[in-house]
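For reference, the structure is listed below as structure tokens.
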């Protein structure tokens, strides 16, 4: 357990892409941080996951059911991550470029998160978040920061994640290339020197 372990609200856009979601949740499972989300975030993630499944495998007839199962598995793995709906009282008072994102900041305020992990950084201006002692980080920056807390432990987490991938199996080199292609540039830079251990 890390003394500087902190709470992060995970936005739907970082929970939808499988590679990013798996890595972020593996780090949470290893106690690098405490993940939080709301039912609304999970609902948005479920829709986005279904869209990804349909796009990658158009022949899949039950994309919505598969996406629902992914979200159920996340909720089962992290039962304490779903915050209660009391956060909604904060929404109307928040000023964000996209009013549809106010619920994410409201959730972060309610659960006293330090960070919102989102790849929609433009929708979470630093000035507005700073009023609440919160910062927004991209998935790449967040993952890289978490890995940097304990690189050796993180390498073990990534190795275990890679070994669990069965369909298809993937080499450490290919995993790093895939992560890089998905925009995890800083994360890949940190992990590449440890490729032989992954």
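Laid out as a table, the results:
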{"quantity": "Residues located in segment 155-198, provided they are assigned to a loop (DSSP other than H, G, I, E, B), without any contact (Cβ under 8 Å) to a residue 12 or more places away in the chain and under 16 Å from residue 18 (Cβ atoms)", "calculated": "165, 166, 167, 168, 169, 170"}
{"quantity": "Residue 152 vs. criteria in a helix (DSSP H, G or I), out of contact with any strand residue (DSSP E or B) (no Cβ under 8 Å at 6 or more places or on another chain), at negative phi and surrounded by 15 or more Cβ atoms within 10 Å (Cβ to Cβ)", "calculated": "no"}
{"quantity": "Helices (runs of 4 or more DSSP H) within segment 26-142 that include 3 or more residues crowded, with 17+ Cβ neighbours inside 10 Å, over 17 Å from the mean Cα position of the chain (by Cα) and at pLDDT 95 or above", "calculated": "102-110"}
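The values are calculated or read from the model by the stated rules, or taken from the named source; none is laboratory data. This is a predicted model, so every value here is computed, not measured. Heads up, the Cβs are rebuilt from the backbone with ideal geometry, glycines too, and the neighbour counts pull from every protein chain shown.
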